[in-house]
Amino acid sequence: MFTSLVAPLLVLSLGGPVDPGTPGGPNLVVQAQPISRWITDIRSLRRVLEPGDPQNADKQFEQSLKQILGEKGFEGIDLDRPISGYGTLAATPTESQFVMVIPITGQDEFLALLDRLPEKLKADPEDGKKGLFRIAGRGALPISMYLRIVDQNAYVSFNDEDGSLLDPAKLLPSAKLVDPADQSSLTIRAFPDRLPAKLIRQTFDQFTQRKKDFLQGNARGGRAMFMVGFVRMAILSPLTLISSSHLDAMFTEGRDVALRISLTPTSEVAVEIAVTPKPNTKLAASIASYSPGTNRFSGLIPRNPALGVQIKLPFSVPDTRDTALDVLKLIEENNTGANGDVQPVLDELFKGLARTIKAGDFEAAGGMSEPGERALCHIIGAASFDDTSGLEKSLRKLAASLPASVRGKELITFDVAKVKGVNLHTIKLGSVLDDNLRSQLGEDALLCIAMAPQAIHFAMGPQPIPLVQASLEPKANDAKMLSVDTNIATLQRVIELASVPAGKKFKAMVGGENRMTTIVGLTAKGGAEFRFRMSFDPRFLPHATGAAAPPR
């Protein structure tokens with residue numbers, strides 16, 4: 001049940017007060033790490049994205065800062081204290097207000113910094129209001145801004161018509177805004193019972209419309225959109241599709257929501273959404289009982305893989321299930337009646353996928369092994385599929401209908417082995433694989449398939465049959481919604497099997513460490529609070545790896 005509550009977390013994380021026990025307080029609180037840490041992290045990230053010339057990356061970064069701030073840079077700001085802020089997100093967004101709290105080294109230095117900005121901001125003392133400054137720019141500013149300096153902090157208000165947000169009695173000290181234990185690069189906190197219900201529901205309606213737009217686009221995409229439609233929407237639907245009752249639960253029973261962004265440029269960029277419920281509520285019980293469960297196929301991922309993938313889609317959640325069925329229906333409509341002898345196989349495939357979605361959570365896992373005997377790899381995996389009997393029968397009929405000249409080549413062999421009543425079949429892949437995969441899997445590579453009652457198992461490579469036999473008794477591990485992992489050294493070796501220059505370029509750009517890293521991951525955990533986490537390794541960004549990406 002709780003997985004479908006993730007969506008409001010994304011929405012609610014756009015605002016939050018300092019103290020849930022303070023009525024009428026702001027409904028938006030932000031804290032960010034000191035600028036010195038941001039500079040270090042951004043410089044490191046630029047080096048990751050431009051590994052061929054790190055000195056040039058540093059030089060360009062310094063030049064960009066000078067273009068914005070001048071030769072004196074951040075002079076005027078205390079680079080070693082955190083930045084914070086608070087405000088009110090209004091039902092009408094243009095009426096929202098915010099106060100930014102900037103640590104400074106001195107008033108004169110900070111005012112000089114404002115003047116160095118491209119907007120050439122100037123702070124003029126406000127008549128009759130001691131210590132209050134009105135901020136003006138080179139041109140007309142889109143919103144009114146005021147400044148007050150207190151305790152070596154510059155309080156800057158936005159969309160503040162008369163500067164009343166900066167009345168001394170209303171100012172919130174930075175110590176109440178910053179949690180020292182939170183080491184995230186940026187944190188935005190929200191308290192649901194303070195947020196404007198109208199705005200949240202408008203956002204919900206926009207998410208719902210995006211679903212419809214996506215499905216219509218998917219219908220136009222045809223068969224090529226199958227994986228995008230089936231997998232992407234199934235993953236995203238818990239984040240974007242919820243019912244009004246879930247929104248109501250979050251408003252009445254959610255204590256606070258936090259959106260955290262963490263930047264570790266050499267290994268991980270992560271976004272985490274956490275919700276803490278009010279005690280003794282149904283939401284608290286739901287969060288406490290939530291568990292991602294296990295993935296019965298995750299034990300199939302090879303040790304030190306070139307690539308390992310596991311996925312668990314929450315089709316037990318009604319919104320997710322309905323979305324996946326809608327996507328599947330549209331894809332099926334675009335693949336009906338125009339596929340000749342293959343059509344009966346596709347029909348059975350769509351029927352089986354529909355049964356699988358309706359049956360509950362979808363699980364899949366597998367990967368590509370490190371090079372073994374003859375310096376060749378294997379690919380192994382398995383996926384949920386409810387009642388494979390119809391699909392297997394249609395494949396046998398298709399094979400029997402092939403021309404005699406094709407059957408004579410014995411490309412397909414049925415019933416090469418049997419394990420616990422499950423038949424194994426093989427297909428010769430040599431003429432089908434491209435040059436890269438032939439280098440990695442072998443000229444005589446086979447595809448072995450086993451259709452168990454509730455899953456399809458497969459392996460490709462020089463000796464796939466023993467792997468499929470063993471896979472029929474897989475070891476389950478803790479589940480992740482999505483995880484794509486690699487051993488960097490293994491991946492480099494596999495790339496070199498296809499192209500030595502490509503492997504060397506990959507090592508230069510990504511590295512060659514003999515360790516595992518998560519390329520992209522989605523996880524969800526319950527307990528005292530619910531945490532949904534998305535992460536990726538920035539070294540594997542498409543524009544960062546470029547031609548060094550594994551050949552296809």
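Scan the range 386-405 and give yes if some residue there is of a type in the set (Val, Ile, Thr) and farther than 22 Å from ASP347 by Cα, otherwise no. Before the answer, list the steps.
We begin by selecting, within the range 386-405, every residue of a type in the set (Val, Ile, Thr); these are 388.
Next, only the ones that are farther than 22 Å from ASP347 by Cα stay: none.
Scanning the range 386-405 turns up no residue that is of a type in the set (Val, Ile, Thr) and farther than 22 Å from ASP347 by Cα.
Looking at ALA175, ALA181 in this structure, which one is in a helix (DSSP H, G or I) and assigned by TED's automatic domain parsing to the domain that holds PHE98?
Working: ALA181 fails: in a helix (DSSP H, G or I).
Exactly one residue qualifies, and that residue is ALA175.
ALA284: outside any helix (DSSP H, G or I), touching a residue at least 24 places away in the same chain (Cβ under 8 Å) and over 22 Å from LEU429 (Cα atoms), yes or no? Step through it out loud before you land on a result.
Details: outside any helix (DSSP H, G or I): no; touching a residue at least 24 places away in the same chain (Cβ under 8 Å): yes; over 22 Å from LEU429 (Cα atoms): yes.
No.
Got a sec? Which strands (runs of 3 or more DSSP E) wholly within the range 74-141 have at least 3 residues that are hydroxyl-bearing (Ser, Thr, Tyr)? First the steps, then the outcome.
Values: elements: 83-88, 97-103, 122-125, 132-136.
By residue number, 83-88.
Looking for whichever is among the charged types (D, E, K, R), touching a Gly at 6+ places or on another chain (Cβ under 9 Å) and part of a loop (DSSP other than H, G, I, E, B) here; the options are LYS480, LYS505. Which one fits? Break it down stepwise before answering.
Numbers: LYS505 fails: part of a loop (DSSP other than H, G, I, E, B).
The conditions single out LYS480.
So GLU443 clears everything in (1) farther than 30 Å from ALA258 by Cα; (2) crowded, with 19+ Cβ neighbours inside 10 Å; (3) among the acidic types (Asp, Glu) except one condition, right? Which one?
In the conditions (1) farther than 30 Å from ALA258 by Cα; (2) crowded, with 19+ Cβ neighbours inside 10 Å; (3) among the acidic types (Asp, Glu), GLU443 misses (2) alone.
Does the range 165-183 hold any residues that are of a type in the set (Asp, Glu) and under 23 Å from PHE133 (Cα atoms), and which are they? Step through it out loud before you land on a result.
Restricting attention to the range 165-183, the residues satisfying the condition of being of a type in the set (Asp, Glu) are 167, 179, 182.
The one that is of a type in the set (Asp, Glu) and under 23 Å from PHE133 (Cα atoms): ASP167.
Name the residues in the range 383-403 that are in contact with a helix residue (DSSP H, G or I) (Cβ under 6 Å, 6 or more places away or on another chain) and assigned to a strand (DSSP E or B), would you?
SER384
How do the pairs read when you match residues in the range 81-94 that are charged (D, E, K, R) with residues anywhere that are surrounded by 20 or more Cβ atoms within 10 Å (Cβ to Cβ), using Cβ under 7 Å and keeping only pairs 6 or more apart or on different chains?
Here the result reads ARG81/PRO103, each pair linking the range 81-94 to a residue that is surrounded by 20 or more Cβ atoms within 10 Å (Cβ to Cβ).
How about the range 136-155: which of its residues are at pLDDT below 85 and charged (D, E, K, R)? Spell out how you get there, then give the answer.
Of all residues in the range 136-155, those at pLDDT below 85 come to 137-141.
Residue satisfying the conditions is ARG138 alone.
Of the residues that make up the range 255-267, is at least one of a type in the set (Asp, Glu) and within 19 Å of the chain's Cα centre (by Cα)? Talk me through it step by step, then tell me what you get.
Taking the range 255-267 and keeping what is of a type in the set (Asp, Glu), we get 256.
Okay, now just the ones that are also within 19 Å of the chain's Cα centre (by Cα), so none.
Checked the range 255-267: no residue is of a type in the set (Asp, Glu) and within 19 Å of the chain's Cα centre (by Cα).
Return the pairs, sorted by first residue and then second, in which the second residue is in a loop (DSSP other than H, G, I, E, B), the first residue lies in the range 40-59 and is under 14 Å from GLY511 (Cα atoms), the beta carbons are less than 9 Å apart, and the residues are 6+ apart or on different chains.
What qualifies is ARG47/PRO265; ARG47/THR266; VAL48/PRO265; VAL48/THR266; VAL48/LEU541; LEU49/PRO265; LEU49/LEU541; PRO51/GLY511.
Just checking, does the range 255-271 include any residue being buried (at least 19 other Cβ atoms within 10 Å of the Cβ), assigned to a helix (DSSP H, G or I) and either modelled with pLDDT of 50 or more or β-branched (Val, Ile, Thr) (or both)?
no
Pick from LEU376, LEU300: which is in contact with a strand residue (DSSP E or B) (Cβ under 9 Å, 6 or more places away or on another chain), closer than 30 Å to THR490 by Cβ and buried (at least 22 other Cβ atoms within 10 Å of the Cβ)?
Values: LEU376 fails: buried (at least 22 other Cβ atoms within 10 Å of the Cβ).
Sole residue among the options that is in contact with a strand residue (DSSP E or B) (Cβ under 9 Å, 6 or more places away or on another chain), closer than 30 Å to THR490 by Cβ and buried (at least 22 other Cβ atoms within 10 Å of the Cβ): LEU300.
Conditions: (1) surrounded by 18 or more Cβ atoms within 10 Å (Cβ to Cβ); (2) within 18 Å of GLY367 (Cβ to Cβ). THR294 meets all but one. Number of the miss?
(1)
Would you confirm, using the coordinates I've provided, whether ILE311 is touching an Asp or Glu at 6+ places or on another chain (Cβ under 8 Å), of a type in the set (A, V, I, L, M) and more than 17 Å from GLY360 (Cβ to Cβ)? Walk me through it before giving the result.
Details: touching an Asp or Glu at 6+ places or on another chain (Cβ under 8 Å): yes; of a type in the set (A, V, I, L, M): yes; more than 17 Å from GLY360 (Cβ to Cβ): no.
For ILE311, the condition - touching an Asp or Glu at 6+ places or on another chain (Cβ under 8 Å), of a type in the set (A, V, I, L, M) and more than 17 Å from GLY360 (Cβ to Cβ) - is not met.
Return the total of residues in the range 480-530 being within 16 Å of the chain's Cα centre (by Cα) and among the basic types (Lys, Arg). So that I can check it myself, show each step before the final result.
Pass one, the range 480-530, residues within 16 Å of the chain's Cα centre (by Cα): 480-485, 517-525.
Next cut, among the basic types (Lys, Arg) only: 480, 525.
Qualifying residue count, the range 480-530: 2.
Scanning for something under 30 Å from MET250 (Cα atoms), touching a Leu at 6+ places or on another chain (Cβ under 9 Å) and surrounded by 15 or more Cβ atoms within 10 Å (Cβ to Cβ), does the range 333-348 turn up at least one residue? Steps first, answer last, please.
Within the range 333-348, the subset under 30 Å from MET250 (Cα atoms) is none.
Scanning the range 333-348 turns up no residue that is under 30 Å from MET250 (Cα atoms), touching a Leu at 6+ places or on another chain (Cβ under 9 Å) and surrounded by 15 or more Cβ atoms within 10 Å (Cβ to Cβ).
I want to confirm something. Restricting to the range 89-136 and keeping residues that are of a type in the set (S, T, N, Q) and surrounded by 14 or more Cβ atoms within 10 Å (Cβ to Cβ), which single residue is nearest to LEU195 (Cα to Cα)? Spell out the reasoning first.
Going residue by residue through the range 89-136, those that are of a type in the set (S, T, N, Q) are 92, 94, 96-97, 105, 107.
Keeping just the survivors that are surrounded by 14 or more Cβ atoms within 10 Å (Cβ to Cβ) gives 96-97, 105, 107.
Numbers: SER96: 11, GLN97: 13, THR105: 35, GLN107: 35 Å.
Going through the qualifying residues, I end up with SER96.
Condition (residue is of a type in the set (A, V, I, L, M, F, W, C) and either within 21 Å of LEU177 (Cβ to Cβ) or surrounded by fewer than 17 Cβ atoms within 10 Å (Cβ to Cβ) (or both)) applied to the range 62-71: is it met by at least one residue? Give the derivation first.
Here is the first cut: in the range 62-71, the residues of a type in the set (A, V, I, L, M, F, W, C) are 65, 68-69.
Narrowing the set further to residues that are either within 21 Å of LEU177 (Cβ to Cβ) or surrounded by fewer than 17 Cβ atoms within 10 Å (Cβ to Cβ) (or both) leaves 65, 68.
Yes, because at least one residue in the range 62-71 is of a type in the set (A, V, I, L, M, F, W, C) and either within 21 Å of LEU177 (Cβ to Cβ) or surrounded by fewer than 17 Cβ atoms within 10 Å (Cβ to Cβ) (or both).
Within the range 310-329, is even one residue of a type in the set (A, V, I, L, M, F, W, C), within 23 Å of CYS448 (Cα to Cα) and part of a strand (DSSP E or B)? It would help to see each step written out before you state the result.
Within the range 310-329, the subset of a type in the set (A, V, I, L, M, F, W, C) is 311, 313, 315, 317, 324-325, 327-328.
If we keep only those that are within 23 Å of CYS448 (Cα to Cα) as well, we get 311.
Narrowing the set further to residues that are part of a strand (DSSP E or B) leaves 311.
Yes - at least one qualifying residue is present in the range 310-329.
Would you check which residues across the range 333-374 are modelled with pLDDT under 85, under 20 Å from LEU391 (Cα atoms) and part of a helix (DSSP H, G or I) and list them?
Residues satisfying the conditions are GLU333, GLY340, ASP341.
LEU49 fails exactly one of the following numbered conditions: (1) within 21 Å of SER262 (Cα to Cα); (2) touching a strand residue (DSSP E or B) at 6+ places or on another chain (Cβ under 6 Å); (3) of a type outside the set (Ser, Thr, Tyr). What is the number of that condition?
(2)
In the range 497-543, how many residues are without any contact (Cβ under 8 Å) to a residue 12 or more places away in the chain and not assigned by TED's automatic domain parsing to the domain that holds SER439? Please lay out each step first, then the result.
Here is the first cut: in the range 497-543, the ones without any contact (Cβ under 8 Å) to a residue 12 or more places away in the chain are 500-501, 503-504, 542.
This time we only want the ones that are not assigned by TED's automatic domain parsing to the domain that holds SER439, so: 542.
Selection size over the range 497-543: 1.
The values are calculated or read from the model by the stated rules, or taken from the named source; none is laboratory data. Here the structure is a predicted model, which means the values were calculated and not measured. Note that each Cβ is placed from the backbone with ideal geometry, even for glycine, and that neighbours are counted across all protein chains shown.
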